Amino acid sequence: MWKLDARRGLVATLDFFAPVVDDPRDYGRIAAANSLSDVYAMGGTPLYALNIVGWPRSQPFELLGEILAGGAEVAQEASCPIVGGHSVDDLEPKYGLAVTGLVDPRRILSNAGAKPGDVLLFGKALGTGIAVSAIKKGVASPELIEAATAQMKQLNRAAGEVYARHWKSVHALTDVTGFGLMGHLDSAMRASKTRARIDAAAIPILPQVRELAREGVVPGGTTANLEFVSVRATFPERMSEPDRLILADAQTNGGMLAAVSEKAVSAILKALANAGAPAQVIGQVARLRRGGEPGIDVSGEISSPADRTAVQEKRR
């Protein structure tokens, strides 16, 4: 954030990546939504964006047109005009945005202010990294492709605006992307000098993801994420390696993760639901014990949509 004056600050961010889905327009939508997310995660409003393009001359330029059209659609939805950009010859397609936004420096949201007793809220479902790997390997089900694509191209605007309006009660906020839920939560706890306690059973998972993780369909970034956070995390002894990997799965345009005052939880959850960006309570922030270190303590057991359906059928 670059402070202009007492009431205005610029938020500058950029992001781009290679295709994560087969449909070029959806790829453009996803890349644009992902690029805009960091502005919302700081409580800001996007002002304008620039396209970033890498494109092989061997590929049809009509496909690039579809990608740019998808990005423009999402930018329009965000009320953020794309005012230009730059392209280079590349070995593989790449697309994203450089985004400039505006934020009130007095109300800026960061990942560094979580307090003991805060409640942790998380939006969207985990598993897009595993889903993208499955799409590339040709083993993703139509249900997973549809669910993952819809989630990845969904703007975090609604959630970001709700948290920005409740800024006094939102002590820490971040969007969950490449470092996964565990990685971004770990960063927030280290920055806040606190420890998180999360319930794995409360965290939504995309369909088929648990089964894919058990089959080893996991991106390298997810494995690296788990390795990085494990030294500061505890897991239930019975939790399998695939389930731990899901919690660390590298996300594309994942949900917002917030640490909010316990008194404000009901109001914020209601506002998020009304805005079309529902979130779940997944845990709480705890004070560090004497001699302890920031990190995450996981309890419970991951439950996939198929698992929940099976439990419901048994109860019947």
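Count neighbours as other Cβ atoms within 10 Å of each site's Cβ, and list the chymotrypsin sites (Phe, Trp or Tyr not before Pro) in the stretch 135-190 that are DSSP loop with at most 12 such neighbours.
Here no loop site has a sparse enough neighbourhood.
Directionally averaged projected area (the stretch 99-247, Cα convex hull): 9.9 nm². Taking only the C-alpha atoms of the stretch 1-151, Rg followed by Dmax gives 17.3, 56 Å. Taken over the stretch 188-316, the alpha-carbon convex hull comes to 152 cubic angstrom per residue. Note on Ser79/Gln59: beta-carbon distance plugged into 1/(1 + (r/R0)^6) with R0 of 45 Å gives a FRET efficiency of 0.90. Given +1 at the Cβ of Lys and Arg, -1 at the Cβ of Asp and Glu and no other charges, the dipole of the stretch 1-77 around its Cα centre is 420 debye to the nearest 20. Using a Gaussian network model on the chain with a 10 Å cutoff between Cα atoms, which of Thr234, Thr223, Thr252 fluctuates the most? Comparing Thr234, Thr223, Thr252 in a Gaussian network model of the chain, the most mobile one is Thr234. By the Kirkwood approach, averaging reciprocal distances over each pair of separate Cα atoms, the stretch 128-211 gets a hydrodynamic radius of 15.0 Å. Residues within the reach of a label modelled at Leu288 (point 7 angstrom out along Cα to beta-carbon, backbone nitrogen below 16 Å), restricted to the stretch 175-203, are 186-197. Of the trypsin sites (Lys or Arg not before Pro) found in the stretch 185-236, those in coil by DSSP whose Cβ has at most 16 other Cβ atoms within 10 Å are Lys193.
Taking all C-alpha pairs of the stretch 85-187, those more than 24 Å from each other amount to 42 percent. Across the stretch 110-188, the mean sequence separation of Cα contacts (distance under 8 Å, 6 or more residues apart), normalised by length, yields a relative contact order of 54 percent. Remark on the stretch 166-215: hydrodynamic radius 13.1 angstrom, per the Kirkwood mean of 1/r across alpha carbon pairs.
Loop-located trypsin sites (Lys or Arg not before Pro) in the stretch 1-107 (DSSP state not H, G, I, E or B) with no more than 12 neighbouring Cβ atoms inside 10 Å: Arg7, Arg8, Arg57. Using Cβ point charges alone (K and R +1, D and E -1), the dipole size of the chain about the Cα centre works out to roughly 1500 debye. FRET efficiency for the pair Arg197 and Asp5, taken as 1/(1 + (r/R0)^6) with r the Cβ-Cβ distance and R0 = 30 Å, rounds to 0.15.
In the chain, a dipole from Cβ-located charges (positive for Lys and Arg, negative for Asp and Glu) runs towards its positive end, and of Asn34, Val260, Asn111 it is Val260 whose Cα lies farthest in that direction.
When the surface is traced with a 1.4 Å probe over the full set of protein chains, Glu73 keeps roughly 70 Å² accessible.
Evaluated over the Cα positions of the stretch 141-189, the convex hull gives a direction-averaged projected area, one quarter of its surface, of 4.4 nm². On the stretch 1-135, 56 percent of the accessible area sits on carbon and sulfur atoms, based on a 1.4 Å probe. Computing Rg and the Kirkwood Rh from the Cα coordinates of the chain gives a ratio, Rg/Rh, of 0.97. Here the label points at Asp89 and Ala112, each 7 Å from Cα along the C-beta direction, are separated by 4.4 nm in the simple model. For the stretch 176-263, the calculated P(r) over all alpha carbon pairs, in 5 Å bins from 0 to the bin holding the longest distance, is 3, 13, 25, 27, 20, 8, 3, 1, 0 percent. Normalising the average separation of contacting C-alpha pairs (under 8 angstrom, six or more residues apart) by the number of residues puts the relative contact order of the chain at 25 percent.
Counting only heavy atoms of the protein chains, get the accessible area per residue of the chain (1.4 Å probe) and round it to a whole Å² value.
Heavy-atom SASA per residue in the chain reads 47 Å².
Restricting attention to the chain, lysine pairs at least eight places apart or on different chains and with alpha-carbon atoms under 19 angstrom apart total 10. Between the residues His166, Leu181, Ile198, the greatest Cα displacement towards the positive end of the dipole of the stretch 142-198, with unit charges on the Cβ of Lys, Arg, Asp and Glu, is found for His166.
In the chain, helices alone account for a calculated mean residue ellipticity at 222 nm of -11500 deg cm²/dmol, with every DSSP H run of four or more residues adding -39,500 (n - 2.57). Spacing of the modelled spin labels on Glu237 and Ala69, each 7 Å from Cα toward Cβ, amounts to 5.8 nm. Of the solvent-accessible surface of the stretch 200-255, computed with a 1.4 Å probe and all protein chains present, 52% belongs to carbon and sulfur.
The values are calculated or read from the model by the stated rules, or taken from the named source; none is laboratory data. Because the structure is predicted, anything quoted here is derived from the model rather than measured. For neighbour counting, all protein chains shown are included, and Cβ atoms are generated from backbone atoms with ideal geometry for every residue, glycine included. For accessibility, only protein heavy atoms count, side chains too; no ligands or nucleic acids. Shrake-Rupley method; radii C 1.70, N 1.55, O 1.52, S 1.80 Å.
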